[in-house]
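Read the structure below first, then the notes.
The values are calculated or read from the model by the stated rules, or taken from the named source; none is laboratory data. Quantities reported herein were computed from a predicted structural model and do not represent experimental measurements. Here the Cβ positions follow ideal geometry from the backbone for every residue, glycine too, while neighbour counts run over all protein chains shown.
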Amino acid sequence: MSSKIVHTEVDGRRLKLSNLDKVLYPSVGITKAEVIQYYLGNAKMILPYLAERALTVIRFPDGVGGKSFYSKDKPDWTPEWLPSILIEHDEKTIDYLYVKSQPELTWLANLAALELHPMQFRVHDRDRHPDLFIFDLDPDESITFDQVKEAAWRLKAFLESLDYTPFIKTSGGKGLHLVVPILPNWDFETLIDSVKKMTKAFIAQYPRLYTLQVHKEKRKGKILIDIYRNHLSNTTVAPYSLRGRKGAPISWPIAWEQLDDIHSGGDIHMGNYKNYLKDSGEPWADWRQHASELHDQRIQVAMAAGAIDDRLLSYVDKRELATTPEPYPDVTARYTDQYVVQLHDASNLHYDLRLEDNGVLWSWAIPKGLPFRKGQKRLAIRTEDHPVKYLHFEGLIPKGAYGAGEMWVVHGGHTIWHKKEERSLSFTIDQRRYKLYQTKNKDQWLIETDSDHTYINQDRGVSPMLAEASDVILAGAEWGYEVKWDGIRVLIYVEDDEIRIISRNGNDLTGKFPELQDMDRFDLEQGVFDGEIVVLDDQGRPIFHDVISRMHTGSAVAIERLARDKPVVCYLFDMLTMDGRDIIDEPLHRRRAWLKTVVRYNNTYRFSETFADGQSLYGAIEAKGMEGIMLKDQNSRYAHDSRSRSWLKVKVRNLDQSLIIGYTEGKGDRAGLFGALHLAKETDEGLIYMGKVGTGYDHKKLKELNKIVSSIPEITKPIDDQISEESRTHWIQPKLKCEIQYASMSANDTYREPVFIRLINEES
């Protein structure tokens, strides 16, 4: 390796460069000369994120794969013209280098300082106020990059709800970095307190997915949202900085619309970065123009200045807004006669009605929901006015906070006012007219409607949505996977304190299952639910014969006895109507979120869970000997009265071999051929009947098999079982063996849904 020294000049500074041909990235053959050229050639992009910020660098003098070390203190041999700053820490004072221009950047590159980690304040700020904060999304090994991107999108929406403007970059490693510019008005202690509270509020909405736990054992299966880099003594790799990792990855700033095309944190590297630069330029070019105040400090500043509408002071007083995702008051926003109805799963499930008036939302909590029939009067409790941004608020208010619980927007839009007086309001929302008026108690109001609303109910006679069959388990973020319950498909109608159970064919099964008559399970006034009624064995597997037997039982005494001895379970998996409002056009994931909320589940009514891994669920179902799984597009509408590719069923199919002991005479298009084959197993006690198979052959195969089975000598009936179509059956010597596929075994130990596969040649 040559140690030749090269003298050069950069912006009037004489620099001594050494070992330019040393390979710093062995896997891709990138030399120190190429690293220097990268930093020097792209200095105009890089310097805005480094200039006048104290630096920690990671040096790789022997290249990636060799020894590396962090460098904070400036080396003894540093030229006098390189600037530095003394910063006191708890343990010692460190003399940090910082850069202003291309010569300093080139000098660091010559030291093989591949990674550049700037502090979050500028050196001229004597009070050391940070002007940005950072989230490092650090996934556990089991997490996919798609899940990291999903976390980034969710965090973006959350930050924007607090009036921040987040920017995103690849980390050059496993994850992604979100960077948020702020005004340099607060110290680091205030910053970290604000960011920590904010992040806890975000994680409270997704506690199974994200964490603040740094220890790897405590964050298995989750994404660490690393906020600890926001302390004064910590740093994060700069935008456009190289990383000292295999492949020469770069921590590259991207536009949010580019994120879907990024497949890993190391996607952008020395070999391809010019393509991204050519396509998108500098996506963060104006990032400092989006600096904002810290959200929890903003409210204090606004209140001190008297900038918050007095009508919203009660809203502010009731909440610690730094720890909840609820929106901050913003009286600069103006909406014209908008409204929202929200479902709020607080200590008591209820609806919230909010009507906009001159920059705030008048608000009422309505325990039983808006009336949907003429003559209904519902209690509406007046609550504090809310900021207009609440029109779009959805999320989980953390436990312990005021109004803790999940909140969803059910519907919203514009209000048509008919009357607006202090104690009486009349208006139309969602094409429905309402009257809202105050009682003697100032906070208690009543709401009523002047007409009956149209919604799906038993009188309309709808049929449940049906699934298409599939042989493959499709993968993708849009799919969720459920157990395919082997039972009786029903729609359950709840209204007027009554439960009606209607089968897929429109038969009323209400009286067959008295254990399902439990109105206390339903925390709503009206609803239509889609589900499956099953009888389970002690392993939790559906017993199809038992639930069919329950359905055909007619005696009231027998029904009561079976309800005790063989009780049913109803698994609910969808909802068509909620409190007089059709929700079939809502995406499935919302319908199921509401379904999970409005039913109080127990051993009789259960929620059919969604699983993320279809292959694993299929394997578990197959191992338990159950029927199969359902694949459902989580964004699909409910297509009642039809079959849809948005729902797919994949059945578990078992293979077995069986003797052919007879055949039935064919009818219709099978006249002159056989109709079905009788099957049996040979045991020490003789033949055991396994049922008959009538599917699995096209016309050509049917003719070929008919020729074979009809050539076998006939015998007297070889079994004792009573079978259907016995008078039209020909019994033959059990010489032929076939392979069949079947769903499961029936209660009589015969094949359920058998399909003929092939004849088996015993000599092959």
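Of all residue pairs spaced 6 or more apart or on separate chains, those with beta-carbon atoms under 6 Å, a first member in the range 609-636 that is closer than 15 Å to Ala593 by Cα and a second member that is among the acidic types (Asp, Glu) and not in a loop (DSSP other than H, G, I, E, B) are Thr610/Glu482.
Considering the range 606-637, and only residues there that are acidic (Asp, Glu) and modelled with pLDDT of 95 or more, the residue that is farthest from Arg489 (Cα to Cα) turns out to be Asp633. Remark: pairs (first residue in the range 266-293, of a type in the set (A, V, I, L, M, F, W, C); second residue part of a loop (DSSP other than H, G, I, E, B); Cβ separation under 6 Å; 6+ apart in sequence or on different chains) = Ile268/Trp252; Met270/Ala248; Ala291/Leu183. Pro514 falls short of the stated requirement of being crowded, with 20+ Cβ neighbours inside 10 Å and over 20 Å from Pro464 (Cα atoms). Just one residue in the set Lys700, Lys667, Lys681 is more than 47 Å from the chain's Cα centre (by Cα), among the charged types (D, E, K, R), more than 26 Å from Ser724 (Cβ to Cβ) and not assigned by TED's automatic domain parsing to the domain that holds Ala477; that residue is Lys700. Go through the residues of the range 705-717 one by one and say whether even a single one is under 55 Å from the mean Cα position of the chain (by Cα) and exposed (fewer than 14 other Cβ atoms within 10 Å of the Cβ). No.
Might you let me know whether the range 637-658 holds any residue that is of a type in the set (D, E, K, R), in a loop (DSSP other than H, G, I, E, B) and under 27 Å from the mean Cα position of the chain (by Cα)? Yes: one or more hits. Quick check: is even one residue across the range 245-266 crowded, with 17+ Cβ neighbours inside 10 Å, out of contact with any helix residue (DSSP H, G or I) (no Cβ under 6 Å at 6 or more places or on another chain), of a type in the set (Phe, Trp, Tyr) and in the same structural domain as Gly172 (by TED's automatic domain parsing)? Yes: one or more hits. Kindly evaluate Leu82 against the criterion of being in a loop (DSSP other than H, G, I, E, B), of a type outside the set (Gly, Ala, Ser) and without any contact (Cβ under 8 Å) to a residue 40 or more places away in the chain. Against the criterion (in a loop (DSSP other than H, G, I, E, B), of a type outside the set (Gly, Ala, Ser) and without any contact (Cβ under 8 Å) to a residue 40 or more places away in the chain), Leu82 qualifies. How many residues are in contact with a Phe, Trp or Tyr (Cβ under 9 Å, 6 or more places away or on another chain), of a type outside the set (S, T, N, Q) and either closer than 20 Å to Leu673 by Cα or surrounded by 13 or more Cβ atoms within 10 Å (Cβ to Cβ) (or both) if we restrict to the range 732-764? Residues flagged as in contact with a Phe, Trp or Tyr (Cβ under 9 Å, 6 or more places away or on another chain), of a type outside the set (S, T, N, Q) and either closer than 20 Å to Leu673 by Cα or surrounded by 13 or more Cβ atoms within 10 Å (Cβ to Cβ) (or both) within the range 732-764 amount to 13.
Note on the range 293-338: among residues that are within 30 Å of the chain's Cα centre (by Cα), assigned to a helix (DSSP H, G or I) and closer than 21 Å to Asp131 by Cα, the one that is modelled with the lowest pLDDT is Ala322. Taking the criterion of being outside any helix (DSSP H, G or I) and either among the aliphatic types (A, V, I, L, M) or modelled with pLDDT under 90 (or both), the residues of the range 664-682 that qualify are Ala671, Leu673, Ala676, Leu677, Leu679, Ala680.
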